[in-house]
Amino acid sequence: MPVEHPAYGRVREVTPLASVVLENNPGMMTLDGTNTWVLRAPGHDECVVVDPGEADDAHLDVLAEVGPVALTLVTHRHHDHTDGIDGFVERTGASVRAVDPRFHRGGGNSYEPGEVIEVAGLVVTVVPTPGHTADSVSLHVRAAQGDAGAAVVTGDTILGRGTTVLDDTDGDLGDYLSSLRRLIDLGPNIPVLPGHGPDLPDLETIARGYLAHREERLDQVRAALADLGADAPVEAVVEHVYTDVDPKLWPVAEKSVNVQLEYLRR
Ligand SMILES: [Zn+2]
């Protein structure tokens, strides 16, 4: 029997190129925890690790055992993806690349948009997907040789369950909608390796669903503003729109609504 999500404290194989180590940091924003992705080309010893996760020794100790790390990549700046970087580098000596220079280690640098990174028998294309945060990227990974299927590491741009909350400091809905379209354009039947939650079989389908959901929410927020007045406070808009969501989540929804209001008022 293949091991299924969620599986803590072990390396779980997901596709011929990708395994996941799920961090034991479940929560409202992290779902079952942070997924640290381990990408390895068939027949290769070295791997690429994406998002070391939070600074948690148990998690980092499992990651230290995945084998020689050729390179570490970061999908975006949030602490549940990056706080573990130093502990991970201490254990593995890996160099770290990210959009944000704060996370560069061991000579790692920023990505060029659309950059193709060839490392350890893998071809990793950096797809800029801002919106959740300004620095969010997705990583399209395939093997340099052979026909092991491609997959896309989506960070928090697409999650394994539910929807993404756009950060109301540097998230942007216009960017996010464009990013979803960029992911749709990658084509059908590409597995999704998300930052949280279970992996999914088809990026195109899920990205189309996300796009439809965002457009539906935007329509609802437009309708709420028509009812409540164009300058309605965010709390009132959330109460009006998120009737289908547990009120416990309303403070989180406020972030998304702030981002939507900014988009609509611009
Ligand atoms: Zn995030």
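Couple of notes before you dig in:
- Count of residues meeting criterion [within 9 Å of the ligand (Cβ to nearest atom) and crowded, with 21+ Cβ neighbours inside 10 Å] in segment 158-172: 2
- Output for segment 54-102, where each listed residue is β-branched (V, I, T) and within 26 Å of L31 (Cα to Cα): V62, V66, T72, V74, T75, T82, I85, V89, V96, V99
- Considering segment 19-32, the residues that are touching an Asp or Glu at 6+ places or on another chain (Cβ under 8 Å), aliphatic (A, V, I, L, M) and touching a residue at least 40 places away in the same chain (Cβ under 8 Å) include one that is farthest from the ligand (Cβ to nearest atom), namely V20.
- For A224, the conditions (1) away from the ligand (no atom under 16 Å from the Cβ); (2) within 15 Å of the chain's Cα centre (by Cα); (3) small (G, A, S) are fulfilled apart from (2).
- Top-ranked residue in segment 70-85 [being surrounded by fewer than 23 Cβ atoms within 10 Å (Cβ to Cβ) and more than 16 Å from the ligand (Cβ to nearest atom); ranked as farthest from V116 (Cα to Cα)]: A70
- Any hit, segment 152-164, residues being in a strand (DSSP E or B) and among the hydrophobic types (A, V, I, L, M, F, W, C): yes
- So S138, is it in a strand (DSSP E or B) and at pLDDT 95 or above: yes
- Within segment 225-245, no residue that is exposed (fewer than 13 other Cβ atoms within 10 Å of the Cβ) sits with its Cβ atom under 7 Å from a residue that is among the polar types (S, T, N, Q) and not in a loop (DSSP other than H, G, I, E, B) at 6+ positions apart or across chains.
- Near pairs, Cβ below 9 angstrom, 6+ apart or cross-chain, from segment 255-266 (without any contact (Cβ under 8 Å) to a residue 40 or more places away in the chain) to any residue that is among the basic types (K, R) and part of a helix (DSSP H, G or I): V257/R217
- Screening I206, I190 for residues that are within 27 Å of N24 (Cβ to Cβ), away from the ligand (no atom under 16 Å from the Cβ), surrounded by 13 or more Cβ atoms within 10 Å (Cβ to Cβ) and within 22 Å of the chain's Cα centre (by Cα) leaves exactly one candidate, I206.
- Condition check for E216: within 17 Å of L173 (Cβ to Cβ), under 21 Å from the mean Cα position of the chain (by Cα) and of a type outside the set (V, I, T): no
The values are calculated or read from the model by the stated rules, or taken from the named source; none is laboratory data. These numbers come from a predicted model, not from an experiment. When we count neighbours, we look across all protein chains shown, and the Cβ atoms used for this are built from the backbone with ideal geometry, even at glycine.
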